[in-house]
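For reference, the structure is listed below as structure tokens.
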Amino acid sequence: MDPILCALKNEISALLALTPADNLYWCGSHTDLFEAAALVCTSFPLYTSAGHLYRVGPLIHDLCLRLHLEEPHNPRAYLFKAKHRKYIRQLPFQQRYAQCLQQMPRPLFAMIRVGEGKDLPFCSSSPQPAAGMRVADAPDALDATRHEG
């Protein structure tokens, strides 16, 4: 198996283990998140908590729910846009993800911010982790923030 896709699957699985109450917000590109979900869904069998096989649409729905994203009416339009990027000087998502994996262990977690509302400052597609959170142990940091206040 491709180690890049395995790492991506592990990261998507970790995102699915989160809850909306964790107050995490996706600040990266919607297209990249949906493309990552589609890559995992088409490359590996991924199961819901009820034991059903995930399809791309329900997987995107669950990710949007956990990361406080407004779910698009047609998520496949984002996937179509990702597949047909023309005249854009950007590598395909899988190659960019592989490059990020060389620099940090969990690139998707670098696109997540901890917050209290929809209007988060400093949300962009720059790969910077949430303040005070190391990308390598983001779920552990989440556990610590739940018990602090």
From the set of residues in region 9-19 that are of a type in the set (S, T, N, Q) and part of a helix (DSSP H, G or I), which is farthest from ARG96 (Cα to Cα)?
-> SER13
Residues of region 96-108 being more than 18 Å from TRP26 (Cβ to Cβ) and either among the aromatic types (Phe, Trp, Tyr) or in a helix (DSSP H, G or I) (or both), in sequence order, are ALA98, GLN99, LEU101, GLN102, GLN103
Restricting the search to region 17-55, which residues are hydrophobic (A, V, I, L, M, F, W, C) and open to solvent by 30 Å² or more (accessible area, probe 1.4 Å)?
-> ALA17, ALA21, LEU39, ALA50, LEU53
Checking PRO72 against (1) in contact with a Phe, Trp or Tyr (Cβ under 7 Å, 6 or more places away or on another chain); (2) open to solvent by 40 Å² or more (accessible area, probe 1.4 Å); (3) in a loop (DSSP other than H, G, I, E, B), which single condition isn't satisfied?
-> (2)
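Residues checked against (1) assigned to a helix (DSSP H, G or I); (2) among the acidic types (Asp, Glu); (3) within 10 Å of the chain's Cα centre (by Cα):
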{"position": "ALA7", "(1), (2), (3)": "yes, no, no"}
{"position": "ALA21", "(1), (2), (3)": "yes, no, no"}
{"position": "PHE34", "(1), (2), (3)": "yes, no, yes"}
{"position": "VAL40", "(1), (2), (3)": "yes, no, no"}
{"position": "SER49", "(1), (2), (3)": "no, no, no"}
{"position": "ILE60", "(1), (2), (3)": "yes, no, yes"}
{"position": "ARG85", "(1), (2), (3)": "no, no, no"}
{"position": "GLN90", "(1), (2), (3)": "no, no, no"}
{"position": "GLN94", "(1), (2), (3)": "yes, no, no"}
What are the residue pairs meeting all of these: first residue in region 72-99, first residue without any contact (Cβ under 8 Å) to a residue 40 or more places away in the chain, second residue open to solvent by less than 60 Å² (accessible area, probe 1.4 Å), Cβ atoms under 7 Å, and 6 or more apart or on different chains?
-> none
Test ILE88 against the stated conditions and say whether it is under 16 Å from HIS30 (Cβ atoms) and open to solvent by less than 80 Å² (accessible area, probe 1.4 Å).
-> no
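The values are calculated or read from the model by the stated rules, or taken from the named source; none is laboratory data. None of these values were measured; they are calculated from a predicted model. Note that we place each Cβ from the backbone using ideal geometry, even for glycine, and neighbour counts take in every protein chain shown. For accessibility, only protein heavy atoms count, side chains too; no ligands or nucleic acids. Shrake-Rupley method; radii C 1.70, N 1.55, O 1.52, S 1.80 Å.
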